[in-house]
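Just below is one structure, and these are the notes that go with it.
The values are calculated or read from the model by the stated rules, or taken from the named source; none is laboratory data. This structure is a prediction, so every number in the text was calculated from the model and none was measured. Quick reminder, even Gly has a Cβ in these numbers, built from the backbone with ideal geometry, and neighbours come from all protein chains shown. The accessibility values were calculated without ligands, DNA or RNA, using every heavy atom of the protein model including side chains. Shrake-Rupley method; radii C 1.70, N 1.55, O 1.52, S 1.80 Å.
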Amino acid sequence: MVSSVGVVAVSLRSESHQWIPVRTVRTARAACPKATPAMLIRDRLDVLFEDEEFAGLYPTDGRPGLSPGQLALVSVLQFAENLSDRAAADAVRTRIDWKYALGLELDDPGFDYSVLCEFRARLAEDGAADRLLEAMLQRLGEAGLLKSRGRQRTDATHVLAAVRFLSRLELVGKRCGPLWRSWPRPPRTGCDR
């Protein structure tokens, strides 16, 4: 289906990423025996975002699109590691720990980096980014990775000014940044540079 502006419409192809391919698990565990932050997210939270949570963002007809649950996780990992869209797409294609976190086969070709920008544009519609943030915070809390610290006070003027410059997905990364930085990092190898 082609829209009036010549863009191919994509539909939601709901996929289950509950299991990680056996070869990906073996290779990731051999390469990173202490695990990486991306692997720990998968181990502690299983699937962070389900495709069904994004059903309202996609039409029912059209060419099947990429898994929005996986794209959401890629976006979180991208922000946590301060990567450009191109570098994040390369990480999906080349990094074993990201393939593990996403539940991908080792030979999965990944996607074009422009998909991330399109996905963020979909999230910007109808408060979808807020729902994504709420779902993520709930799952992190249930897993014991976020703790409520009681009452917080802040000057709303500064908060509102800062929010203008941050997308909702960046807010997810800001909230999870301390958690991400607290996990042990494996030594860098030639494969992840």
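Rolling a 1.4 angstrom probe over the protein chains, ignoring ligands and nucleic acids, what is the accessible area of Val76 in square angstrom, nearest 10?
10 Å²
Loop only by DSSP, 14 or fewer other Cβ within 10 Å of the Cβ. Give me the GluC sites (Glu not before Pro) in segment 31-123 that pass, ordered by residue number.
Sparse-neighbourhood loop GluC sites (Glu not before Pro): Glu105.
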